[in-house]
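Have a look at the structure below, then the notes.
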Amino acid sequence: MNQIDALKFPDGFLWGIATAPTQVEGHISNEWTDFVAQDGSNCRVACDHYHRYAEDVQWLTELGVNAYRMGIEWSRLQSGPYTALNGQELERYIDLLDRLKSSGIEPMVVLHHFSNPPWINSAGGWVNPAAAPMFVDYATKLVSALGDRVRLWNTFNEPDTYASLVYLLGGFPPCHKWRLWSFRKVIAHMAEAHVQVSRFIQQRRTVGVSPEVGIAKNWTFFNPLRCFSPWDHLPAALCHQVFNHYVLNAFLDGPRRAASTFLGLNYYGQVRFKGFQPLVPGSGASRQQLDHLGLVCDDMVERYPAGLGTILRKFHRRYRLPVYITEHGAASQDADFRIRDLSLHLRVLHDAMNEGVAVRGFFYWTLLDCFEWQFGYTKKFGLVTVDFNDPALPRKMTRVGEFYRGICAAPHREAIARS
Ligand code: NOJ
């Protein structure tokens, strides 16, 4: 088999892009509205996708994707516990979904992506067990209201990141630290809500659609820098245990596994530890130090393409669920770096699929440069760049976007093989 044939992906494979409401929409009222990011910015306008979603669907079309992973913002749709959904806001999302449909783009809808309505937060957020039935009420109303417009559902995006950044590391509002007990409760309540919402979604098979549902798990490898140092092993093992192992078990072990029809994987790379210092940009490690240690990083984490194969095989062996790569991308101003990074990961993905791992789609993170949570607008993940210094927020295609367009278009494999 020659190199190009070897990079053939199956027909019907989803080539998509992912976004999240708080990061792109603007004009939202949730816990992020008053949050000031490290660069002094906020998400009040973000990319103004709220008013410009029709234009952004054009960009998706321009990129040639056949799938789009998008969030629906809970705080827009319910003004209090167990209330009816806001009809006007619902209509906007329906219009967006209809535009995607007429552009031949299949949506995957995310129900929870790092944000809650203010009335959930003021009642203690997900630490409060009452959050779970309230979310189930919201989600079941939404799923029913959208009918068969949506077949692919993602209940929770990265519950691991959400619970650790809010309750352990203090990065996400309300920025608590080292509340391990709260972390455990949040994960338990989200896992319970996932099971209930997923069962509801799966029952909809009876009304003619064949829905798929799962969470998106961020898998990060945590490894020691020096393999003989117990002080490097200790934090790596702890992080792995809490972030990866505990969360996966909570959502997928035992009878809970039946609630999911797929497993979403958000994969970016690895974090190595030297003592208790995580060796990633933005955690006190300088670029010079990282280069000196030979660690190849984007602006967020160390890149580890081979790890994608390792985790895909592990998921396959352990859960036997089809996988969607619900997010992968790199943040850098260097387009060549990002293109190389994407090619390397797609080759690894392809190898794993050839070995029998069932992967149904790949969603690049992300469409637009956008609000990267505690980091503000400094991390450039977009296939389309946005000029945040211009109030008109003009969008412009990047070279990475052109490269991805080549992959999405037939014969996409040649674009990868040539790079
Ligand atoms: C995962 C999160 O789901 C997304 O919101 C974030 O922007 C990307 N990772 C990049 O950090």
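What follows draws every value from the coordinates through simple rules; no lab data is involved. Values in this document were obtained by computation on a predicted structure and should not be read as measured data. FYI the Cβ positions are ideal-geometry reconstructions off the backbone, even for glycines, and counts take in every protein chain you see.
A few points about this structure:
- 222 nm mean residue ellipticity, helices alone, for the chain (DSSP H n ≥ 4; -39,500 (n - 2.57); rounded to 500): -12000 deg cm²/dmol
- Extension gain (nm, one decimal) between Lys101 and Lys396, 0.36 nm per residue minus Cα-Cα: 103.8 nm
- Extents of the stretch 340-399, taken as max minus min of Cα coordinates on every principal axis and listed largest first, are 49, 25, 20 Å.
- P(r) weight above 16 Å for the stretch 256-343, C-alpha pairs, percent: 60
- Distance between modelled label sites at His292 and Ser144, nm, 7 Å Cα→Cβ extension: 6.2
- The stretch 213-331, relative contact order [Cα under 8 Å, separation at least 6], %: 31
- For the residue pairs Lys274/Lys380; Lys274/Lys396; Lys141/Lys177; Lys185/Lys217; Lys274/Lys379, alpha carbon separations beyond 29 Å are given by Lys274/Lys396; Lys141/Lys177.
- Global geometry of the stretch 277-419, whether rounded, prolate or oblate, following the gyration tensor of its Cα atoms and the 1.5 cut on a/c: oblate
- Calculated P(r) of the stretch 146-230 - Cα pairs past 21 Å, %: 48
- Altogether, the Stokes-Einstein calculation at 10 °C and 1.306 mPa s, with the Kirkwood radius of the chain over Cα pairs as Rh, returns a diffusion coefficient of 73 µm²/s.
- The stretch 1-62 pair-distance distribution - Cα-Cα, 10 Å bins, rounded %: 18, 33, 21, 15, 12, 1
- Coupling constants for the stretch 399-408 follow from the phi torsions by the Karplus curve (6.51 cos²θ - 1.76 cosθ + 1.60, θ = phi - 60°), and in residue order they are 5, 5, x, 5, 5, 5, 4, x, 6, 5 Hz; glycine and proline get x.
- With Cα atoms defining each centre, the stretch 121-191 and the stretch 224-265 are spaced 19 Å apart in the structure.
- Partner aspartates and glutamates for Lys101 [C-alpha distance under 12 Å; skip if fewer than 8 residues away on the same chain]: Asp148
- Charge sum, other residues only, whose C-beta stays under 15 Å from Leu279's C-beta, Lys/Arg counted +1 and Asp/Glu -1: 0
- Note on His240 and Lys8: the extension gain reaches 80.2 nm, defined as 0.36 nm multiplied by sequence separation minus the Cα-Cα distance.
- When the convex hull of its Cα atoms is viewed from all sides, the stretch 1-123 shows a mean projected area of 10.5 nm².
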